[in-house]
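Student: Mind looking over this structure? Questions follow.
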Amino acid sequence: MRKELLRRRARVCLLVAAALLASPAAGLAEPTADTIAVNVDQAKLVRLPGKVATIVVGNPLIADVTLQPGGMIVVTGKGYGATNFIALDRAGEILVDRQIQVEGPSDRLVTVYRGVERESYSCMPLCQRRVTLGDSEQFFNTTMSQAGSLNNNASSSAGAGAKTN
């Protein structure tokens, strides 16, 4: 009787292990405490140990890291994927070597496909154009042009308002 119970438990453990190994999610590791997770087109502040003099980013197309006074860095997600950064002191000693995971947008993103052409919209609360990596060239350029015009108009209005005061 005891032997049969042990065999059943061994079979159950074997089945559970096989199911976990066969599961596609089993290969996807959760970000560790050493991984900095940031969304594309967003920034995150991270405190580093003092005496950091140099920051090296593995792939600057994925993330940008800017050193601020007081050992603070700004990590900005530029493209999807993973990279790393290394922080060095003035003597060239490695103080930090961490992973950066850049993920998709956190807002309600709606993607519209017109054949092979893609458009992205941020729908919080109203749907409006959103430039996202992978959008069609015409949609991307039109959206960026409109954003640039808006920015230029806002800057010139702010400058004119400052002169009249």
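Student: Long-range amide H contacts for Ile100: which residues qualify at under 5 Å (H placed 1.01 Å from N, peptide plane, sequence gap of 5 or more or a different chain)?
Tutor: Ile36, Thr83, Asn84, Phe85
Student: Tell me which residues come under 5 Å, amide H to amide H, from Arg130 once H is placed; ignore anything under 5 positions away on its chain.
Tutor: Amide H neighbours of Arg130: Ser120, Tyr121, Ser122.
Student: How far, in nm, would the chain grow between Val46 and Thr111 when pulled straight, counting 0.36 nm per residue and subtracting the alpha carbon separation? Please report the intermediate quantities before stating the final value.
Tutor: Working: separation 65, 0.36 × 65 = 23.40 nm, distance 3.13 nm.
Using 0.36 nm per residue and subtracting the Cα-Cα distance, I get 20.3 nm.
Student: While we're looking at this one, here's another question. If amide H atoms are built 1.01 Å from N in the plane of the peptide, which residues on other chains or at least 5 residues away come under 5 Å of the amide H of Asn39?
Tutor: Here the answer is Glu103, since their amide H atoms fall under 5 Å of that of Asn39.
Student: Treating only the Cβ atoms of Lys and Arg (+1) and Asp and Glu (-1) as charged, compute the dipole magnitude of segment 62-163 about its Cα centre; round to the nearest 20 debye. Don't jump to the answer; show the numbers that get you there.
Tutor: Values: 9 positive and 10 negative charges, 74 e Å.
That gives a dipole near 360 debye.
Student: When only the heavy atoms of the protein chains count and the probe is 1.4 Å, how do Arg108, Arg114 rank by accessible area, highest first? It would help to have the intermediate numbers written out before the result.
Tutor: Values: Arg108 170, Arg114 145 Å².
In descending accessible area the options line up as Arg108, Arg114.
Student: Nearest 0.05, what FRET efficiency do Ser136 and Ala91 give at R0 = 35 Å with Cβ-Cβ as r?
Tutor: 0.10
Student: Subtracting the Cα-Cα distance from 0.36 nm times the residue separation, let me have the gained length for Gln128 to Leu61 in nm, one decimal.
Tutor: Numbers: separation 67, 0.36 × 67 = 24.12 nm, distance 2.54 nm.
That pair, Gln128 and Leu61, stretches by 21.6 nm at full extension.
Student: Hey, rough spin-label estimate for Gln68 and Ser149, points 7 angstrom out along Cα→Cβ, what's it come to in nanometres?
Tutor: That separation, rounded to one decimal, is 3.4 nm.
Student: Per-residue HN-Hα couplings for segment 60-65, Karplus 6.51 cos²θ - 1.76 cosθ + 1.60 at θ = phi - 60°, whole Hz, x for Gly and Pro?
Tutor: For segment 60-65, the Karplus-derived couplings read x, 6, 8, 8, 10, 10 Hz, x marking Gly and Pro.
Student: Return the sequence-ordered ³J(HN,Hα) values of segment 135-145 in whole Hz as given by the Karplus equation 6.51 cos²θ - 1.76 cosθ + 1.60 applied to θ = phi - 60°, using x for Gly and Pro.
Tutor: Going residue by residue, I get 5, 4, 4, 5, 4, 4, 5, 4, 5, 5, 4 Hz, with x marking Gly and Pro.
Student: Let me ask you something else. Take the Cβ-Cβ distance between Asp34 and Ser157 as r, set R0 to 41 Å, and report the resulting FRET efficiency rounded to the nearest 0.05.
Tutor: Working: r = 45 Å, r/R0 = 1.10.
Efficiency for this residue pair is about 0.35.
Student: Spelling out what I want: for every residue of segment 110-127, take phi, set θ = phi - 60°, compute 6.51 cos²θ - 1.76 cosθ + 1.60 (Karplus), and round to whole Hz; glycine and proline get x.
Tutor: 10, 10, 10, 9, 10, x, 9, 7, 10, 10, 10, 10, 8, 10, 9, x, 9, 7
The values are calculated or read from the model by the stated rules, or taken from the named source; none is laboratory data. As the structure is a computational prediction, the values presented were derived from the model and not from experiment. Methodologically, a virtual Cβ is constructed for each residue, glycine included, from the backbone with ideal geometry; neighbour enumeration extends over all protein chains shown. These area figures cover heavy atoms from the full protein model, side chains too; ligands, DNA and RNA do not enter into them. Shrake-Rupley method; radii C 1.70, N 1.55, O 1.52, S 1.80 Å.
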